[in-house]
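Step one of this worksheet: look at the structure below.
Please treat every number below as a calculation from the coordinates, not as lab data. Source: prediction; values computed, not measured. Because the Cβ atoms are built from the backbone with ideal geometry, glycine has one as well, and the counts that use them run over all protein chains shown.
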Amino acid sequence: MATSDPIRNVADLQRLADYYLNKGQLRNFVLVVLGSYTALRISDLLRLKWRDVYDFERARVRLRVYVTEGKTGKTKSIAINANAAAALRRYFAQTPKKEGDFLFPNNRKTAAPICRVQAYRIIRAAAKAVRVEGHISCHSLRKTFGYHAWKSGASAVLLMDIYNHTSFEVTRRYLGICQDDRDKLYLRMRLVV
């Protein structure tokens with residue numbers, strides 16, 4: 001079984017999101033944006049409803065989203081940063097939404113979110129179209145958050161907490177940091193000309 005890679009290059013991540021933004025497919029654009037800014041598993045992301053991210057009473061994007069993780073049963077409070085909020089506002093303005101509507105609805109008449117397979121197809125199609133290297137899947141978005149947080153100086157303890165890992169070694173492997181370290185060593189060596 002292949003493991004998913006984080007998207008290591010921020011320009012690649014931007015091209016992935018822009019692929020759907022330029023097509024006017026805001027649902028898919030927001031899937032990429034929220035997936036990479038919240039570090040949620042795809043199953044938790046797909047369960048989100050508009051009431052989770054938008055305060056209808058005040059007519060604004062919420063400052064944070066509360067999610068009970070399906071896998072762990074733990075409740076998380078995730079701050080919605082300015083870029084994610086801007087993407088949500090843009091998506092909300094596209095067509096009127098109701099509180100109980102899924103954030104990522106399927107195109108059928110039944111009120112349900114897209115399935116994991118469809119989310120995978122969405123991410124894979126964009127990755128292929130914009131030529132992002134590596135094994136890119138829905139889980140890549142979750143890993144991308146942690147990878148870039150680590151590279152920008154985030155605490156190991158904080159990342160372990162976000163991912164519910166028991167050790168930093170697990171987090172390092174999860175984010176692909178171990179492989180990056182090995183690759184740097186291989187590329188740095190100068191033994192024989």
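Each residue of the range 64-76 is assigned a 3J(HN,Hα), and the resulting list reads 8, 10, 10, 10, 9, 5, x, 6, 9, x, 7, 8, 10 Hz, derived from the Karplus form 6.51 cos²θ - 1.76 cosθ + 1.60 (θ = phi - 60°), x at Gly and Pro.
Taking the average, over residues, of other Cβ atoms within 10 Å as the packing measure, peptides 152-161, 182-191 rank 152-161, 182-191 from highest down.
Here's the picture: a label point sits 7 Å out from the Cα of Glu133 along the beta-carbon direction, and within the range 1-41 the residues with their amide nitrogen under 20 Å of it are 2-17. Other residues whose C-beta falls under 14 angstrom from the C-beta of Ile7 contribute a net charge of +3, scoring Lys and Arg +1 and Asp and Glu -1.
Residue by residue, the range 131-146 carries 3J(HN,Hα) couplings of 6, 7, 6, x, 8, 9, 8, 4, 5, 4, 5, 4, 5, 4, 3, x Hz when phi is fed to the Karplus relation 6.51 cos²θ - 1.76 cosθ + 1.60 (θ = phi - 60°); x denotes Gly or Pro. Within the shell defined by Cβ-Cβ distances under 14 Å, the residues around Tyr66 carry a net charge of +3, with Lys and Arg each +1 and Asp and Glu each -1.
With the simple model of a label 7 Å out from the Cα in the direction of the Cβ, Ser152 to Asp183 spans 2.0 nm. Rounded to the nearest 20, the size of the Cβ-charge dipole of the chain about its Cα centre is 420 debye, with Lys and Arg at +1 and Asp and Glu at -1.
Computed from the Cα positions only, the extents of the range 79-193 along the three principal axes stand at 64, 33, 25 Å, in decreasing order.
Binning the alpha carbon pair distances of the range 10-72 at 10 angstrom intervals from zero yields the distribution 19, 45, 32, 4, expressed in whole percent. Rounded to the nearest Hz, the phi-derived 3J(HN,Hα) couplings of the range 170-184 under the Karplus curve 6.51 cos²θ - 1.76 cosθ + 1.60 (θ = phi - 60°) are 5, 5, 4, 5, 4, 8, x, 5, 4, 5, 4, 4, 5, 4, 4, where x marks glycine and proline.
The chain: percent of C-alpha pairs farther apart than 30 Å? Here the long-distance tail beyond 30 Å is 22 percent of all Cα pairs in the chain.
If R0 is 22 Å, what FRET efficiency do you get for Glu57 and Ala111 from their C-beta distance, rounded to 0.05? After rounding to 0.05, the efficiency reads 0.50. Residues Val170, Val192, Val117, Val30, ranked from the fewest to the most other C-beta atoms within 10 Å, line up as Val192, Val117, Val170, Val30. Specify the inter-centroid distance of the range 87-106 and the range 139-193, based on alpha-carbon positions, in whole Å. Cα centroid to Cα centroid, the span is 34 Å.
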